[in-house]
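Input: a single structure, listed below in structure tokens.
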Amino acid sequence: MEYISPEGLRLDGRRPKELRQLSCQFGVLAKADGSASFEMGNTKVLAAVFGPHEVEQRSKAQSGRAIVQCEYAMAAFSTGERRKRGKTDRRSTELSTIIRNCLEQTILLELMPSSQIDVYVQVLQADGGTRCACINAAMLAIAEAGIPVRDLMAACAAGYLDSTSILDMNYMEDSGGGPDVAVAIHPNLNKTVLLQMDNKIAVDVFEGVYGLAEQGCKAVAQYMRQQLLAHVQRLAVMQGPTRL
């Protein structure tokens with residue numbers, strides 16, 4: 001299959017270095033302390049945050065910091081295959097750990113000792129890039145919950161097909177068998193939070209693919225920052241002027 005046309009266009013009409021359309025919403029679940037949906041093209045993810053609250057199992061409590069519990073799942077209807085996934089399948093466990101590790105590097109856990117933060121991430125529709133979409137949704141839900149963080153975190157992936165580095169692959173491209181590099185960063189701190197590769201990749205190719213993924217992260221971070229600011233401004237208008 002040809003993934004890049006002679007005109008330089010991908011299967012969905014994008015240029016190699018072009019992101020899919022981004023979309024997000026805040027406060028989508030009334031009973032959660034923070035919640036958000038995040039879309040990267042046709043991939044749609046929902047995240048909910050509860051806490052910080054008292055640690056449910058005292059043996060897991062840490063006096064100097066909060067603990068993060070994370071659960072990832074895919075809805076049975078999220079893919080065209082309509083396959084049912086158990087909560088304990090290998091990929092769910094792996095992605096739960098990845099999201100938790102990213103959040104632990106982002107949240108100021110030391111400000112909330114002996115407490116617990118629960119994060120639930122559900123993939124509603126999968127079309128490639130679910131790992132990064134989940135991280136972005138979780139970050140927005142954490143921010144909506146008012147939990148203090150070191151920096152905004154944003155994630156994006158890039159791959160290599162038809163001798164071309166391509167940004168933010170969809171499912172068809174992701175199934176092409178080429179390497180895939182997922183990256184999450186703290187843009188203001190200039191720190192890489194996650195670097196994960198699927199399939200082997202030559203060193204010279206890796207540098208270009210990683211650089212493209214990092215550019216994608218920065219673009220996603222800019223979008224997320226704009227949406228967070230707009231959300232805060234809407235809340236301020238709804239609450240009205242502060243009376244002294």
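The values are calculated or read from the model by the stated rules, or taken from the named source; none is laboratory data. Keep in mind that what you see is a predicted model, and the values were worked out from it rather than measured. Note: ideal-geometry Cβ built from the backbone for every residue, glycine included; neighbour counts use all protein chains shown. Areas reflect the complete protein model, heavy atoms only, side chains present, ligands, DNA and RNA absent. Shrake-Rupley method; radii C 1.70, N 1.55, O 1.52, S 1.80 Å.
Quick look at the numbers
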{"read-out": "Members of segment 136-146 found to be open to solvent by 10 Å² or more (accessible area, probe 1.4 Å) and out of contact with any helix residue (DSSP H, G or I) (no Cβ under 8 Å at 6 or more places or on another chain), listed by number", "value": "A145, G146"}
{"read-out": "Close pairs from segment 200-221: first open to solvent by less than 50 Å² (accessible area, probe 1.4 Å), partner at pLDDT below 95, Cβ under 7 Å, at least 6 apart", "value": "I201/P179; V209/P179; V209/I201"}
{"read-out": "Output for segment 156-180, where each listed residue is on the phi > 0 side of the Ramachandran plot and open to solvent by 40 Å² or more (accessible area, probe 1.4 Å)", "value": "D162, S163, G177"}
{"read-out": "Filter result (open to solvent by less than 10 Å² (accessible area, probe 1.4 Å) and under 13 Å from the mean Cα position of the chain (by Cα)) within segment 102-127", "value": "C102, L103, T106, V119, V121, V123"}
{"read-out": "Matching residues in segment 18-34 - criterion: being within 21 Å of T130 (Cβ to Cβ) and in a loop (DSSP other than H, G, I, E, B)", "value": "E18, L19, R20, Q21, V28, L29, A32"}
{"read-out": "Residue match in segment 53-63 (condition: part of a loop (DSSP other than H, G, I, E, B), surrounded by 14 or more Cβ atoms within 10 Å (Cβ to Cβ) and at pLDDT 95 or above)", "value": "no"}
{"read-out": "Residues within segment 182-211 that are modelled with pLDDT of 95 or more, within 17 Å of the chain's Cα centre (by Cα), of a type in the set (A, V, I, L, M) and closer than 22 Å to I166 by Cβ, tallied", "value": "6"}
{"read-out": "Residue within segment 231-238 that is closer than 23 Å to Q21 by Cα, open to solvent by less than 70 Å² (accessible area, probe 1.4 Å), without any contact (Cβ under 8 Å) to a residue 24 or more places away in the chain and in a helix (DSSP H, G or I) present", "value": "no"}
{"read-out": "Test: V183 is on the phi < 0 side of the Ramachandran plot, in contact with a Ser or Thr (Cβ under 8 Å, 6 or more places away or on another chain) and surrounded by 17 or more Cβ atoms within 10 Å (Cβ to Cβ)", "value": "yes"}
